[in-house]
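The values are calculated or read from the model by the stated rules, or taken from the named source; none is laboratory data. These figures come from a predicted structure and were not determined experimentally. FYI the Cβ positions are ideal-geometry reconstructions off the backbone, even for glycines, and counts take in every protein chain you see.
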Amino acid sequence: MGLGPDFDEFVNSYGTALLRAAYLLTGDHGHAEDLVQTTLMRVARRWRAVRQSPHAYARRVLLNLSRNHWRDRDRRPRVTRDLSPDDAGESTHQGFERIGDRVLLRSALQRLSERQREIVVMRFILDLSVAEIAALLEVPEGSVKSATHRALASLREYLSQPDESITMEVGRAE
């Protein structure tokens, strides 16, 4: 496309963070990769207009695409799979115990409401401030703070009493 080195630098510096956020928003590796690819294509199309603040535009596009994913989710057939050692990816080198932690966290995030999940991902994965999240979601800062508080309380509760089926899956992976 020939957008120049500044677009390449943006993708190299921010692509991994977008992928991590997309995965935590959707809970699916393949769909997260698709969301990031679509996000980067949309950023590329509008590069001249957004080059001064591409991060904000990319976050908005990613958030909107993930919302579309949740709206469309019930229209598509569900695909299920067991956790296998192939799912370990890079964490294989760090041990299978980290896979269990990731599975539990992902499961806990999926139990949150869509808004709470968005706020947690933006706050703690994308490292946005409360003001930035409020502007992105077009809500008051107090709403972001209270939703963060409720989401963290829910996560603590979910993680303190993990679901037995998740524990059994992790047990098979080891």
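GLY30: in contact (Cβ under 8 Å) with a residue 24 or more places away in the chain and either surrounded by 13 or more Cβ atoms within 10 Å (Cβ to Cβ) or outside the structural domain of ARG102 (by TED's automatic domain parsing) (or both), yes or no?
No.
Looking at (1) touching a residue at least 12 places away in the same chain (Cβ under 8 Å); (2) under 13 Å from the mean Cα position of the chain (by Cα); (3) surrounded by fewer than 20 Cβ atoms within 10 Å (Cβ to Cβ), find the lone condition where HIS55 falls short.
The single condition HIS55 does not satisfy is (2).
I'm trying to understand the selection: among the residues of the range 142-157, which are of a type in the set (Ser, Thr, Tyr) and more than 13 Å from SER113 (Cα to Cα)?
Initially, the range 142-157 is screened for residues of a type in the set (Ser, Thr, Tyr), giving 143, 146, 148, 154.
Matches in the range 142-157: SER143, SER146.
Can you pull out the residues in the range 106-148 that are part of a loop (DSSP other than H, G, I, E, B) and acidic (Asp, Glu)?
ASP127, GLU138
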